[in-house]
Amino acid sequence: MSYFQGNDVILHKENLAKNIYRLVIAAPDIAAFAKAGQFVHVTVPGYFLRRPISLCEADSSRGTITLVYEIRGEGTKALARLNEGETLDVMGPLGHGFTLDPGKKVIVVGGGIGVPPLLQAVKFYGANAKAILGFRDASAVILEEDFRRYGAETIVCTDNGTRGQKGFVTDALAGMVTKEKPDYLFACGPKVMLEKVAKIAADQKIECEVSLEERMGCGVGACLVCACRLKRTEEEKEYYGHVCKDGPVFPAKEVVF
Ligand SMILES: Cc1cc2nc3c(=O)[nH]c(=O)nc-3n(C[C@H](O)[C@H](O)[C@H](O)COP(=O)(O)OP(=O)(O)OC[C@H]3O[C@@H](n4cnc5c(N)ncnc54)[C@H](O)[C@@H]3O)c2cc1C
């Protein structure tokens with residue numbers, strides 16, 4: 001695994017929704033090698049352990065990467081205090097991303113802060129991608145226009161119906177999947193959502209990849225904190241893989257939910 005580490009300048013900071021920020025960072029080396037679904041590990045001033053954040057976009061021609069993160073605890077709160085012009089210690093690109101298979105059809109399914117890691121894949125698939133994005137309510141909706149801008153027909157679902165379709169992304173997916181017959185389903189979001197997407201994919205015999213989150217230490221497979229349960233075949237015994245080096249994107253059929 002080869003990756004870069006440096007103090008990279010924050011070019012742009014934007015508040016997308018309550019407690020959710022977009023950062024555009026000058027990181028030409030990372031942008032040149034990044035693949036959709038990979039992540040970077042950032043050092044937040046004052047904290048020893050890095051925080052993993054997925055690449056929302058990587059633009060090799062501009063030499064920039066875009067991260068979208070939500071304030072969850074002290075580390076991400078400190079990250080939100082950084083401003084344009086300041087630097088951030090960024091390490092990446094890390095992990096394995098989504099399959100990029102030219103000409104194939106894909107449906108991406110994101111829930112909440114699981115939406116940003118899917119944008120770069122949609123950038124690759126363009127009009128061959130459809131996106132189903134789910135949020136708590138209208139105030140939490142992010143990146144809808146960005147998914148449309150890259151050519152994906154985009155459906156927004158909210159739990160309470162204040163924007164788009166009322167209900168869960170998996171309800172919308174169940175209807176769309178039989179009509180569209182995609183080659184791949186990609187999903188990122190809460191585990192319960194990933195499990196339901198994986199079940200729909202298995203029932204419809206569609207290849208499915210899910211991006212997992214676990215608490216992470218080193219990010220490069222040395223500390224083994226981010227263990228997740230996997231199983232390659234029905235007959236094989238369960239074993240532990242690691243989100244940082246084996247993932248974060250896994251074939252859904254190999255994940256033990
Ligand atoms: C591969 C990967 C990619 C990620 N991509 C993104 C992203 O694009 N945008 C984003 O907003 N977040 C992302 N996360 C989650 C993000 O790393 C955590 O929210 C962050 O590390 C929390 O740090 P904190 O110091 O603010 O919170 P802490 O004070 O450490 O914890 C606050 C809360 O966050 C939860 N938490 C902490 N670490 C994680 C974690 N790794 N996964 C899930 N929950 C966690 C804890 O359960 C706790 O309730 C990703 C995580 C992984 C593993």
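The values are calculated or read from the model by the stated rules, or taken from the named source; none is laboratory data. Since the structure is predicted, the reported quantities are computational estimates derived from the model, not experimental observations. All Cβ positions, even for glycine, are placed from backbone atoms using ideal geometry, and neighbour counts span all protein chains on display.
The set of residues in segment 203-232 that are closer than 24 Å to Pro182 by Cβ and of a type outside the set (A, V, I, L, M, F, W, C) comprises Asp203, Gln204, Lys205, Glu207, Glu209, Ser211, Glu213, Arg232. Screening Val225, Val220 for residues that are closer than 20 Å to Gln38 by Cβ and without any contact (Cβ under 8 Å) to a residue 24 or more places away in the chain leaves exactly one candidate, Val225. Among the residues of segment 203-221, write down those that are more than 14 Å from the ligand (Cβ to nearest atom) and more than 18 Å from the chain's Cα centre (by Cα). Asp203, Gln204, Lys205, Ile206, listed by residue number.
Over 24 Å from Ala32 (Cα atoms) and among the hydrophobic types (A, V, I, L, M, F, W, C), is that true of Ile65? Judged against the criteria, Ile65 is not a match.
Which helices (runs of 4 or more DSSP H) sit wholly inside segment 147-257 and have at least 2 residues that are modelled with pLDDT of 95 or more? It would help to see each step written out before you state the result.
Details: elements: 169-180, 191-204, 243-246.
Output list reads 169-180, 191-204.
Can you pull out the residues in segment 14-48 that are out of contact with any Asp or Glu (no Cβ under 6 Å at 6 or more places or on another chain), in a strand (DSSP E or B), within 22 Å of Pro248 (Cα to Cα) and within 12 Å of the ligand (Cβ to nearest atom)? Within segment 14-48, Tyr21, Leu23, Phe39, Val40, His41, Val42 qualify.
Filter segment 101-110 for residues that are aliphatic (A, V, I, L, M) and either in the same structural domain as Asp246 (by TED's automatic domain parsing) or under 13 Å from the mean Cα position of the chain (by Cα) (or both) and give the result.
We begin by selecting, within segment 101-110, every residue aliphatic (A, V, I, L, M); these are 106-109.
Val108, Val109 - these are the residues of segment 101-110 that are aliphatic (A, V, I, L, M) and either in the same structural domain as Asp246 (by TED's automatic domain parsing) or under 13 Å from the mean Cα position of the chain (by Cα) (or both).
Of the residues screened, Ile142 is not one that is assigned by TED's automatic domain parsing to the domain that holds Ala172 and assigned to a strand (DSSP E or B).
Does segment 64-84 include one or more residues that are small (Gly, Ala, Ser), away from the ligand (no atom under 15 Å from the Cβ) and either over 25 Å from Val210 (Cα atoms) or assigned by TED's automatic domain parsing to the domain that holds Gly126 (or both)?
In the first step, residues of segment 64-84 are kept if they are small (Gly, Ala, Ser); the result is 73, 75, 78, 80.
Now narrow it down to the ones that are away from the ligand (no atom under 15 Å from the Cβ): none.
No.
Kindly establish whether Arg62 is surrounded by fewer than 19 Cβ atoms within 10 Å (Cβ to Cβ) and among the basic types (Lys, Arg). Taking the combined requirement at face value, the residue satisfies it.
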